[in-house]
Amino acid sequence: MQGEDVPADATGSSLLKFIDSRMSVDALNLRAAFDGTISAVYDEIGMVVANNETSLKLIDRSKLYVTISLTEEDIVKIAAGDRASVVVDILPDLALSGHVYAIEPTGTVSNGVVYYEVQIELDQADDRIPLSATTTVTIQIGEPVVSLAVPATAIQNDSDGNEYIQVISGGTSKTVQVVSGTILDDDRVIISGE
């Protein structure tokens, strides 16, 4: 009823029957708890369906997740809440950020290596992202550190075994004491010094 007068012939029993019928019809309708996109329909009009049978697949695109697998060597370096950047391969110009949402505590062994599933929650949903698209994920481990890398051939040793490099500044060359660190894949070395 929408605020109209109740008909004179409506009795308590007829109203109860109407409400009962209305509730029965409403019980037959499918209602989702959220707005979403229907991605699959498993039943057709006129089919009789049983209780707890899946009739359609509804996707909530307000939150998007990426699932990746990490080895046991890498899984110990991350934690829930760690920041991540995500690139959807077919949308490389779309910059996405996210965070580690969940880490599966039980790993799966494949070819002698244990892998753990990690779920990354995107900070923003974007309707342009196709579901199940291929992505590249980078997880930030610890705080970013600014480092200087030089070609390995630039590092020299003096007579006492100390490392140094030659720096040219304002047209003059000077010697700077350094300590070499991690060697990168491209034969550069991360250094620290004065």
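Quick one: D123 ticks every box in (1) of a type in the set (D, E, K, R); (2) open to solvent by 90 Å² or more (accessible area, probe 1.4 Å); (3) under 17 Å from the mean Cα position of the chain (by Cα) bar one, so which box is it?
Condition not satisfied by D123: (2).
Pick from segment 169-182 the residues that are in contact (Cβ under 8 Å) with a residue 12 or more places away in the chain and farther than 12 Å from L148 by Cα: which of them is most open to solvent (accessible area, probe 1.4 Å)?
Residue satisfying both the conditions and the ranking: Q177.
Can you find a residue that is on the phi < 0 side of the Ramachandran plot, in contact (Cβ under 8 Å) with a residue 12 or more places away in the chain, open to solvent by 90 Å² or more (accessible area, probe 1.4 Å) and not β-branched (V, I, T) anywhere in segment 131-146?
No, the conditions are met nowhere in segment 131-146.
Residue check, G161 against (1) touching a residue at least 24 places away in the same chain (Cβ under 8 Å); (2) at positive phi, all met but one. Which one?
G161 satisfies every listed condition except (1).
Criterion first (under 18 Å from V76 (Cα atoms) and either open to solvent by 50 Å² or more (accessible area, probe 1.4 Å) or in contact with a Pro (Cβ under 8 Å, 6 or more places away or on another chain) (or both)) does Q166 satisfy it?
No.
Do any residues in segment 73-101 that are closer than 13 Å to R128 by Cα and touching a residue at least 12 places away in the same chain (Cβ under 8 Å) have Cβ atoms under 8 Å from those of residues that are small (G, A, S) and assigned to a strand (DSSP E or B), where the two are at least six apart or on different chains, and which pairs are they?
Short answer, once both residue conditions are applied: V87/A95; L96/S85.
Find the residue count for segment 38-60, including only residues that are open to solvent by less than 70 Å² (accessible area, probe 1.4 Å) and within 30 Å of Q124 (Cβ to Cβ).
6
Sort out which residues of segment 61-91 are open to solvent by less than 70 Å² (accessible area, probe 1.4 Å) and over 28 Å from T106 (Cβ atoms), and write them in order of number.
Residues satisfying the conditions are R61, V87, V88, L91.
Got a number for residues in segment 104-120 being in contact with a strand residue (DSSP E or B) (Cβ under 8 Å, 6 or more places away or on another chain), more than 26 Å from T37 (Cβ to Cβ) and open to solvent by less than 60 Å² (accessible area, probe 1.4 Å)?
4
The values are calculated or read from the model by the stated rules, or taken from the named source; none is laboratory data. This structure is a prediction, so every number in the text was calculated from the model and none was measured. Glycine gets a Cβ as well: all are built from the backbone with ideal geometry, and neighbour counts include every protein chain shown. Ligands, DNA and RNA are stripped out before the accessible areas are found, and what is left, the full protein with its side chains, is counted by its heavy atoms. Shrake-Rupley method; radii C 1.70, N 1.55, O 1.52, S 1.80 Å.
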